[in-house]
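Worksheet for the structure shown next.
The values are calculated or read from the model by the stated rules, or taken from the named source; none is laboratory data. Since the structure is predicted, the reported quantities are computational estimates derived from the model, not experimental observations. Neighbour counts run over all protein chains shown; Cβ positions are idealised from the backbone, glycine included.
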Amino acid sequence: AIDTIVVLGFYSLLWNVVPFSLEIDQTFIGAILTVIGYSINDKVVVFDRIRENLNLYKKRDFFTIFNNSLNETLARTVNTSLTTLLVLLCIFILGGDSIRSFAFAMIIGVIFGTLSSIFVAAPIAYMTLSKRDKGERGDKPLAEVAE
């Protein structure tokens, strides 16, 4: 949901600033739906690895499991995003006016979708699981870990 809000925010901020159309039309709706699908897929990959590691390492604390899971999926996530961005940049630069707004929305969505999977979704899941199973695995609150 946050990825969609960011794309809408960029469209609102850059209305009549960029030299191409940023109208809310069928192309934009298609781009938003694609961004949502891409973001959900990215989060599923990260959460699936966390779930696997939670079942494999039952005696480890949540922070270590989440950290290791993110490190294991980071290369795949970044490579997928960079490959997608390369294609989207080619479409944005070489494509016609009708598809430029789609590519623009997708570029913003892929960047923020990847960032939200790593820096927003996983920490929220960590905080939620840590509060639910407080002390069962010897976890520290996230504020203590960050210091």
With Arg76, Arg100, Arg49 as the choices, which residue is closer than 30 Å to Ser21 by Cα, touching a residue at least 12 places away in the same chain (Cβ under 8 Å) and of a type in the set (D, E, K, R)? Arg100
Lone unmet requirement of (1) touching a Lys or Arg at 6+ places or on another chain (Cβ under 9 Å); (2) among the small types (Gly, Ala, Ser); (3) at pLDDT 90 or above for Ser21: (3)
Of the conditions (1) of a type outside the set (D, E, K, R); (2) under 15 Å from the mean Cα position of the chain (by Cα); (3) surrounded by 15 or more Cβ atoms within 10 Å (Cβ to Cβ), the single one that Phe92 does not satisfy is (2)
Can we say Gly30 is within 21 Å of the chain's Cα centre (by Cα) and free of Cβ contacts under 8 Å to residues at least 40 places away in the same chain? no
Considering (1) surrounded by fewer than 15 Cβ atoms within 10 Å (Cβ to Cβ); (2) more than 15 Å from Val110 (Cβ to Cβ); (3) touching a helix residue (DSSP H, G or I) at 6+ places or on another chain (Cβ under 7 Å), say which one Gln26 fails and leave the rest. (3)
For Val45, state whether it is closer than 17 Å to Gly113 by Cβ and surrounded by 12 or more Cβ atoms within 10 Å (Cβ to Cβ). yes
